[in-house]
Amino acid sequence: MTRHLHLVPLHKNTRFLSNFHTNQPTIITKASSFTTIPWNTHLRNLSKHGQYYEALILYRQMLQSKATPNAFTFSFALKSSISLSLPITGTQLHCHVIKLGCKYEPSVQTALISMYCKCGLTELARKVFDEMPEPSLTVCYNALISGYVQNYDFLNGFSLFCEMRLRGVEFNAVTILGFVPGCTVPECLWLGMSLHCLNVKCGLDNDLAIANCLLTMYVRCGSIELARKLFDHIPEKGLITWNAMISGYAQNGLAAEVLELYHEMESLQVNPDAVTFVGVLSACANLGNQMIGFEVEQKIKSSGMRCNVFLKNALINMYARCGNLAKARIIFDEMPEKNLVSWTAIIGGYGIHGLGNTAVELFDKMIETGIRPDGTVFVSVLSACSHAGLTKKGLDYLDLMKREFRLKPRSEHYSCVVDLLGRVGRLEEARKLIELMEVEPDGAVWGALLGACKIHKNVELAELAFNKVVELEPTNIGYYVLLSNIYTEANNSEGILRVRLMMRERKLKKDPGYSYFECKGKTHLFVAGDGSHPQTKEIYKMLNRLEHGGVNKNDQNQEPRDVMGMHSERLAIAFALLNTEIGTDIIVIKNLRICGDCHSFVKRVSKIVDRLFVVRDATRFHHFQNGTCSCNDYW
DNA sequence: GTAGGGTTAG
């Protein structure tokens, strides 16, 4: 793309003509070419209709004629250079402004401030602002405040806002809109909340744009309840309001809430757009709800909506996470233009299914295609390596990431590598790697080491990892359970007691592990020992039959046993067997890690009934078929 | 006939 457009310098009108080649729109008649107004009118029309490039060409033509640009001309021309992000053109325009004596025109100054801010040159913007004889106009403050905020200079934005208030300059809705997006880190939320109050006090709370903006602020700060409270108080919600809330829920992992809101939106006949669907698909991916995901895909197709790259990526992610890798791959292959996110989604998809080799191949292909990887795609490929046991490859990638792409590995990358080393028993190396990390290890890093200690039964190192991990994540029950299981295997009853005591002291209760299975568009949820499902009796009978060796064994009348202690994944599996046709795959989702006992159980069942079972747990997919599991290095 | 603003993917 052209980064700038040479404008004709005022002193030498012909110099740049030769190196500029575009079809020039010539609508200007000779009679009008000497006066400014017709040029300005045309310029305004072009700029209004988004024909920015054409507007700048027209401006250049204007300079070649004898018409003199004025403040209006510059306002339009600057707007075009802002929209096209052409800093050099903007700077040239600034020179023209000075030469033609328009530099004290407020509209021109405001446009200049905005232009410099859009190009990331806030210091130059500030200079224009300071040169103003009396910078008391609200619009100028607005332009510079939003400019600072957009350039992540929150402090200067804040102090300018204070200055504005101190000087008694009136602020308006646009001021708030420009400033609020700066309050998107939890530390600044208090300021955002006071803006919210100020907003209400000044009667600006009917402005939907501000409400949307505040809503996004709460979402980004992780205050999802406050966001919802605000959402419920907005009397006339716009599509953007719905989208902001839906993607807010999606980003915070609240998938059930996303679907609920989406259905509410449908019932109110609010027409969703691509942004809505991206949020909904992300929720389907999190829930493993392929049915709704498929419905959304059909809806997109039937609505004639242009399926943009964001939507395609969301579809790939949804199908991959729901276990339908073939469908995800078809969408990926059919995409004419794949971006980094598309590659990340498909690589991650293969990774979580244990197909590390394919993931690695795709990653290499991506690099060949010339797409520069970022930290996130490295997380996908490193985790694929660890799930597939590609230890050397994974270590090579960590190196590649640092040396070739100059990317600083984050804690997430190290947790993959610790997992990678830990799984193959290189525990000592994993521990040393943690010590040498350039960033502070987080809970996931120590957690990965703890998990590896479980596989390789290293109690001593497990205790070290556990002490670190509970310091960082004292309420994550999973780690207590993991250590307790390690002690169980080591017959260390004293250790088990210690863990239990610790949990009691900290008032931690074991999170009920639940599993669910999607059947005929309905999701059936099971909690361990749950007896509330309408088919409970049949489920337990089925489990009894499976436990006793054969699905064909005719022991229908036997009463269910051990009802209370039944694991949720077993209940879901039995339910699935009762309610699906022979030959279909069974995909069950478990919120925590599948337990070792159930792992062996599903293996056995897969042999008995000759079906493919896919159990997705918190960390990976486990494919069970004919008595074996393709992710069986855990147990 | 002028200037300033908000929502989307892993």
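The values are calculated or read from the model by the stated rules, or taken from the named source; none is laboratory data. Everything numeric in this text was worked out from a predicted model, so none of it was measured. Note: ideal-geometry Cβ built from the backbone for every residue, glycine included; neighbour counts use all protein chains shown. Please note that ligands, DNA and RNA were not included when accessible areas were found on the heavy atoms of the full protein model with its side chains. Shrake-Rupley method; radii C 1.70, N 1.55, O 1.52, S 1.80 Å.
Note on the stretch A:482-511: residues that are open to solvent by 40 Å² or more (accessible area, probe 1.4 Å), under 15 Å from A:Cys595 (Cα atoms) and in a helix (DSSP H, G or I) amount to 3.
Here A:Arg321 meets each of (1) surrounded by 14 or more Cβ atoms within 10 Å (Cβ to Cβ); (2) away from DNA strand B (no atom under 14 Å from the Cβ) with one exception, condition (2). Among the criteria (1) open to solvent by 60 Å² or more (accessible area, probe 1.4 Å); (2) within 8 Å of DNA strand B (Cβ to nearest atom), the one A:Val278 does not fulfil is (1). Could you list, in sequence order, the residues of the stretch A:51-66 that are within 13 Å of DNA strand B (Cβ to nearest atom) and small (Gly, Ala, Ser)? If the condition is that a residue be within 13 Å of DNA strand B (Cβ to nearest atom) and small (Gly, Ala, Ser), then A:Ala55 is the only one that fits.
Looking across A:Gln269, A:Gln298, one residue alone is open to solvent by 60 Å² or more (accessible area, probe 1.4 Å), away from DNA strand B (no atom under 14 Å from the Cβ) and more than 23 Å from A:Gly238 (Cα to Cα). It is A:Gln298.
When the stretch A:139-197 is filtered for residues that are within 15 Å of DNA strand B (Cβ to nearest atom) and not in a helix (DSSP H, G or I), the ones remaining, listed by number, are A:Asn151, A:Tyr152, A:Asp153, A:Val169, A:Glu170, A:Phe171, A:Asn172, A:Cys183, A:Thr184, A:Val185. Just name the residue that is farthest from DNA strand B (Cβ to nearest atom) out of those in the stretch A:239-262 that are polar (S, T, N, Q) and surrounded by 18 or more Cβ atoms within 10 Å (Cβ to Cβ). Among those residues, the one meeting the criterion is A:Thr241.
Of the residues in the stretch A:280-288, at least one is assigned to a loop (DSSP other than H, G, I, E, B) and more than 15 Å from the chain's Cα centre (by Cα). Here A:Pro235 does not qualify as away from DNA strand B (no atom under 13 Å from the Cβ) and touching a residue at least 24 places away in the same chain (Cβ under 8 Å).
Within the stretch A:67-109, being away from DNA strand B (no atom under 12 Å from the Cβ) and among the β-branched types (Val, Ile, Thr) holds for A:Ile88, A:Thr89, A:Thr91, A:Val97, A:Ile98. Would you confirm, using the coordinates I've provided, whether A:Ala576 is assigned to a helix (DSSP H, G or I), in contact with a His (Cβ under 8 Å, 6 or more places away or on another chain) and modelled with pLDDT of 85 or more? In short, no. Within the stretch A:47-68, being under 18 Å from A:His96 (Cβ atoms), touching a Leu at 6+ places or on another chain (Cβ under 6 Å) and not small (Gly, Ala, Ser) holds for A:Tyr52, A:Leu56, A:Leu58, A:Arg60. Here's a check for you: in the stretch A:462-519, which residue that is among the small types (Gly, Ala, Ser) and out of contact with any Ser or Thr (no Cβ under 6 Å at 6 or more places or on another chain) is farthest from A:Ile539 (Cα to Cα)? In this case the residue turns out to be A:Ala465.
crowded, with 22+ Cβ neighbours inside 10 Å and modelled with pLDDT of 70 or more, is that true of A:Ile582? It is false that A:Ile582 is crowded, with 22+ Cβ neighbours inside 10 Å and modelled with pLDDT of 70 or more. Screening the candidates A:Ile346, A:Ile352 for the property of being open to solvent by 10 Å² or more (accessible area, probe 1.4 Å) and within 14 Å of DNA strand B (Cβ to nearest atom) yields one hit, A:Ile352. Count, please, the residues in the stretch A:438-460 that happen to be open to solvent by 20 Å² or more (accessible area, probe 1.4 Å) and in contact (Cβ under 8 Å) with a residue 24 or more places away in the chain. Counting residues in the stretch A:438-460 that are open to solvent by 20 Å² or more (accessible area, probe 1.4 Å) and in contact (Cβ under 8 Å) with a residue 24 or more places away in the chain gives 13.
Across the stretch A:198-220, the qualifying residues are those that are assigned to a helix (DSSP H, G or I) and over 21 Å from A:Ile246 (Cα atoms), and the one among them that is least open to solvent (accessible area, probe 1.4 Å) is A:Asn199.
Residues that are in a loop (DSSP other than H, G, I, E, B) and more than 48 Å from the chain's Cα centre (by Cα) are absent from the stretch A:40-59 altogether.
Annotation: of all residues in the stretch A:198-223 being more than 15 Å from DNA strand B (Cβ to nearest atom) and out of contact with any helix residue (DSSP H, G or I) (no Cβ under 9 Å at 6 or more places or on another chain), the one that is nearest to A:Glu170 (Cα to Cα) is A:Lys201. For the stretch A:363-382, the tally of residues that are buried (at least 24 other Cβ atoms within 10 Å of the Cβ), of a type outside the set (Phe, Trp, Tyr) and away from DNA strand B (no atom under 11 Å from the Cβ) stands at 1. Going by what's in this entry, would A:Ile594 be described as touching a strand residue (DSSP E or B) at 6+ places or on another chain (Cβ under 7 Å), open to solvent by less than 60 Å² (accessible area, probe 1.4 Å) and at pLDDT 85 or above? No, not satisfied. Evaluated against (1) crowded, with 22+ Cβ neighbours inside 10 Å; (2) within 20 Å of A:Leu421 (Cα to Cα); (3) among the small types (Gly, Ala, Ser), A:Ala314 falls short on exactly one condition, (2).
Among the residues making up the stretch A:330-343, those that are part of a helix (DSSP H, G or I) and open to solvent by less than 60 Å² (accessible area, probe 1.4 Å) are A:Ile331, A:Phe332, A:Leu340, A:Ser342, A:Trp343. If you go through the stretch A:409-434 and keep only what is basic (Lys, Arg) and within 23 Å of the chain's Cα centre (by Cα), you end up with just A:Arg410.
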